[in-house]
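One structure is given below, encoded as structure tokens.
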Amino acid sequence: MVLGASEGIGRATALNLRAKGYATVLSARTRSALEDVARESGGGQDVFVVPGDITSRSFRADLVAAAERRFGRIDVLINNAPGPAPGSFDSTDPADVTTAMERKLVPYLDLIKSVAPVMARNEFGRIVNIVGNIGKEPASGMFLSGLVNAAVSNASKYLASQYAKDNVTVNCVHPGPFGPSATTGPWSTSAGPAESRRTRRRTGCGAPSPWPGRGAPTRSPPSSDSWCPTKPRT
Ligand SMILES: NC(=O)c1ccc[n+]([C@@H]2O[C@H](COP(=O)([O-])OP(=O)(O)OC[C@H]3O[C@@H](n4cnc5c(N)ncnc54)[C@H](OP(=O)(O)O)[C@@H]3O)[C@@H](O)[C@H]2O)c1
């Protein structure tokens, strides 16, 4: 089950999973864009498009129920929802904090809550939360992104411990710059190539990482830091 599957990281992940032979549930709001991805991935009965707004609690419940009905199990959940718009602390209203959490943190947690028991029944599950390094290292003008991503990372580590006994792993991926969204924030090319390179050197991000496929370890690594170390590379 891949969220945000119509564009960017979610689309690339969905295509990658299909290429590896996974039956996939593609979700985002725009049906036509999801259908394009389904076609691009080869179409057929093993691709199931479920459009809807992931910030809606009832849609999240419908999505999980529809996936279970269609495939009888859920092996992999790719939690992938948009981060908040850039903004400084001074320009952030308390209501913006709530909205930002409701767009990414809350859907991730709510889906884990419903999907993890389905995975536990089959004694197999891989939950991957798409997060962002900004949760570990704040960046100017990206106040809410840092806040939301820090919360997702913290929750992921908590949940990794909780579900490990069921052979359900919970990990974070902290992507480097990817697609159109890479044009905002510290990764952006508008920040200038030199600055972008400096940021990547400082955080060690941007290098390709191995995909955690079916052969992945049955216990979560100690922390998501293995994907992208915060310590500067020498
Ligand atoms: N791209 C980067 O450089 C980068 C770097 C670090 C971290 N990240 C993180 O990676 C995640 C994905 O980023 P991205 O750049 O791949 O995003 P993106 O290209 O903007 O794609 C967002 C996806 O989410 C869907 N979406 C948006 N609002 C939705 C809603 N309310 N309900 C359901 N689906 C919704 C969009 O489709 P619809 O509009 O059709 O719904 C689209 O499929 C974000 O959490 C971001 O913080 C990205």
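Bear in mind these aren't lab numbers, they're just calculated from the coordinates by the rules spelled out. As the structure is a computational prediction, the values presented were derived from the model and not from experiment. All Cβ positions, even for glycine, are placed from backbone atoms using ideal geometry, and neighbour counts span all protein chains on display.
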Exercise. Count charges around residue 33 for me, please; just the other residues with Cβ under 15 Å from its Cβ, Lys/Arg as +1, Asp/Glu as -1.
Key: -1
Quiz item: Ordered by residue, what ³J(HN,Hα) values in Hz, to whole numbers, does the range 137-150 give under the Karplus form 6.51 cos²θ - 1.76 cosθ + 1.60, where θ = phi - 60° and Gly and Pro are x?
Solution: 9, x, 10, 3, x, 10, 4, 6, 4, x, 4, 5, 5, 5
Exercise. Select from 45, 78, 66 the residue farthest towards the positive end of the dipole of the range 36-80; place +1 on Cβ of Lys and Arg, -1 on Cβ of Asp and Glu, and compute about the Cα centre.
Key: 66
Self-check item: Burial ordering of 39, 126, fewest other beta-carbon atoms within 10 Å first
Solution: 39, 126
Quiz prompt | Table column - 3J(HN,Hα) (Hz), the range 120-125, Karplus curve with 6.51, -1.76, 1.60, x for Gly and Pro | solution = 4, 4, 8, 6, 7, x
